[in-house]
1. Please give the number of the condition residue 136 fails out of (1) over 20 Å from the mean Cα position of the chain (by Cα); (2) within 20 Å of residue 235 (Cα to Cα).
2. Got a sec? Which of 50, 102, 115 is in the same structural domain as residue 274 (by TED's automatic domain parsing), in contact (Cβ under 8 Å) with a residue 24 or more places away in the chain and in contact with a Pro (Cβ under 6 Å, 6 or more places away or on another chain)?
3. Hey, can you tell me all the residues within region 253-272 that are within 16 Å of the ligand (Cβ to nearest atom), in contact with a Leu (Cβ under 7 Å, 6 or more places away or on another chain) and without any contact (Cβ under 8 Å) to a residue 60 or more places away in the chain?
4. For region 164-181, which positions are of a type outside the set (Gly, Ala, Ser) and surrounded by fewer than 17 Cβ atoms within 10 Å (Cβ to Cβ)?
5. Of the residues 407, 354, 375, only one is at negative phi and loosely packed, with under 13 Cβ neighbours inside 10 Å; which?
6. Of the residues that make up region 257-271, is at least one out of contact with any Gly (no Cβ under 7 Å at 6 or more places or on another chain), at negative phi and either in the same structural domain as residue 393 (by TED's automatic domain parsing) or surrounded by fewer than 20 Cβ atoms within 10 Å (Cβ to Cβ) (or both)?
7. Restricting to region 380-435, name every residue that is aliphatic (A, V, I, L, M) and free of Cβ contacts under 8 Å to residues at least 40 places away in the same chain.
8. Looking at region 357-372, which of the residues that are out of contact with any Asp or Glu (no Cβ under 9 Å at 6 or more places or on another chain) and charged (D, E, K, R) is surrounded by the most Cβ atoms within 10 Å (Cβ to Cβ)?
Amino acid sequence: MNADESAYPLPPERKRQLVEWDRQHLWHPFTQHALWNRVEPLLIVAAEGPYLIDADGKRYLDGHSSLWCNIHGHRRPEIDAAIRDQLERVAHTTQLGLASPPAIELARRLVELTPQNLTKVFFSDDGSTAVEVAVKLAYGYWHHRGEPQRNIFIALKEAYHGDTIGSVSLGGIDLFHRVYGPLLFETKFAPSPYCYRCPLKTSPETCGLACAEEVGRLLEAHGRQVAAVVVEPLVQAAGGMITAPPGHLARIRRLCDEHGVLLIADEVATGFGRTGRMLAVEHERVAPDLLCLSKGLTGGYLPLAATLATEAIYEAFLGPIDSGRTFYHGHTFTGNPLGCAAALASLDIFEKDRTLETLQPKIERLAEHLTRLARHPHVGDVRQWGFIAGIEIVRDKATGEPYPYGRQVGAQICANARPHGVIIRPLADTLVVFPPLIISIEMLDHMLETIERCIDEVVSGPAHAASDGLE
Ligand SMILES: *Cc1c(COP(=O)(O)O)cnc(C)c1O
């Protein structure tokens, strides 16, 4: 019997028990349990390629790549084999005081595929820790160079860099971050490049990248106190798949250079092909001083993250042991060999399958679907960078007025997609298109047609009229 046959269908009694224990004991992330406990959770027991398989054996398209991680599909034989192969040797050894081949090889591969100025790789566990490492390296760099007053970071409104306190300090999403304000270090926020709801009330045709210029203004005001500017290149992902206009990233790089400040690029979401190139920074030939990678790093198989740094940053930490320059930071599972083996296998697949080349026609097809969807009376904005897209649902197309948050329109649309075999997850009322890169054109069509149909069901159908009447 293979693993699939034992995984599903789950005997009804076992399923009932698991659901009960889930409600009793599991605290799900980003989840209001007053709502969660009212519905039957979808138990995913197996997966194959772009499909997730539930306890009854029903298949769903993994439309959000298991939250923006999965690249080449699930159960890719090469990645599974690489993990098993590594498991035959050792599952985990520490990087503290010891070295291990998969981490060494992966570091070398990452240095090869990232901008030339990035030569050092510091491994950690997830996107949040990759950002924490970048923050501490940036501050430590200035400290060791005799400028410890550089303790302010500049980030963008609507930014998301993770959920640990350091990365929350750089976060600009009020809904998630406001509560923790009193615990955070000081960050100055420049406007989000959110053209549809431009915070500066201008438009991309005429603004001359005014939002990026605000970064320059902050640098002028706080210049010698700033350690680094932090950005999600091209796409503010969790902020609502907000796509920056061309030139935005390059302008921020230039401003950092003019003011002698470091640039941290958080490519946790955009890395590994999502924007159509291996890294988002490539589109504008930007070389950041620190680069954060995680989600897609292992093909989405295991938790692993990397922060890449320049030689200059590395050198600031060099010195005699009593100089206090050592980077006293590390995680127990740093550079985990299983994760590194998965990452190496994923990078091999990029080459063998020419993943980025075969992605291009799918990016175009996605654009065609979005053009159609943009005409929908309740679609306010569609935005796309490569194979990432957001579809923002609004109540009033003419004014851009959103639905009340309590209506949970985005969540309802995504719930309606499930019976059609598509799993997606919104960001507020922005529907997110973020499938594994290996999805076929036919599946992409099915996904976008399902989204369109479910928008109609939720915001154009009778349910819409009825609940509107109650508001
Ligand atoms: C998801 C995300 C993170 C946080 O990663 P975790 O693995 O969830 O800690 C950080 N930055 C960006 C841009 C992300 O999308």
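The values are calculated or read from the model by the stated rules, or taken from the named source; none is laboratory data. Everything quoted here is computed from the prediction, not taken from an experiment. Note that each Cβ is placed from the backbone with ideal geometry, even for glycine, and that neighbours are counted across all protein chains shown.
1. Of everything listed in (1) over 20 Å from the mean Cα position of the chain (by Cα); (2) within 20 Å of residue 235 (Cα to Cα), residue 136 misses just condition (2).
2. Working: 50 fails: in the same structural domain as residue 274 (by TED's automatic domain parsing); 115 fails: in contact with a Pro (Cβ under 6 Å, 6 or more places away or on another chain).
That would be 102, the only listed residue that is in the same structural domain as residue 274 (by TED's automatic domain parsing), in contact (Cβ under 8 Å) with a residue 24 or more places away in the chain and in contact with a Pro (Cβ under 6 Å, 6 or more places away or on another chain).
3. Across region 253-272, the qualifying residues are 265, 267, 271.
4. The initial filter retains those residues of region 164-181 that are of a type outside the set (Gly, Ala, Ser), namely 164-165, 168, 170, 173-180.
164, 165, 174, 175, 176, 178, 179, 180 - these are the residues of region 164-181 that are of a type outside the set (Gly, Ala, Ser) and surrounded by fewer than 17 Cβ atoms within 10 Å (Cβ to Cβ).
5. Details: 407 fails: loosely packed, with under 13 Cβ neighbours inside 10 Å; 354 fails: at negative phi.
The unique qualifying residue is 375.
6. Initially, region 257-271 is screened for residues out of contact with any Gly (no Cβ under 7 Å at 6 or more places or on another chain), giving 257-258, 260-267, 269-270.
The next check asks that each one be at negative phi; those that pass are 257-258, 261-267, 269-270.
Retained after the next criterion (residues that are either in the same structural domain as residue 393 (by TED's automatic domain parsing) or surrounded by fewer than 20 Cβ atoms within 10 Å (Cβ to Cβ) (or both)): 257-258.
Yes, region 257-271 contains a residue that is out of contact with any Gly (no Cβ under 7 Å at 6 or more places or on another chain), at negative phi and either in the same structural domain as residue 393 (by TED's automatic domain parsing) or surrounded by fewer than 20 Cβ atoms within 10 Å (Cβ to Cβ) (or both).
7. Of everything in region 380-435, those that are aliphatic (A, V, I, L, M) and free of Cβ contacts under 8 Å to residues at least 40 places away in the same chain turn out to be 382, 394, 398, 411, 415.
8. We begin by selecting, within region 357-372, every residue out of contact with any Asp or Glu (no Cβ under 9 Å at 6 or more places or on another chain); these are 357-364, 366-368, 370-371.
Keeping just the survivors that are charged (D, E, K, R) gives 357, 362, 364, 368.
Working: 357: 8, 362: 20, 364: 10, 368: 11.
Ranking the qualifying residues of region 357-372, first place goes to 362.
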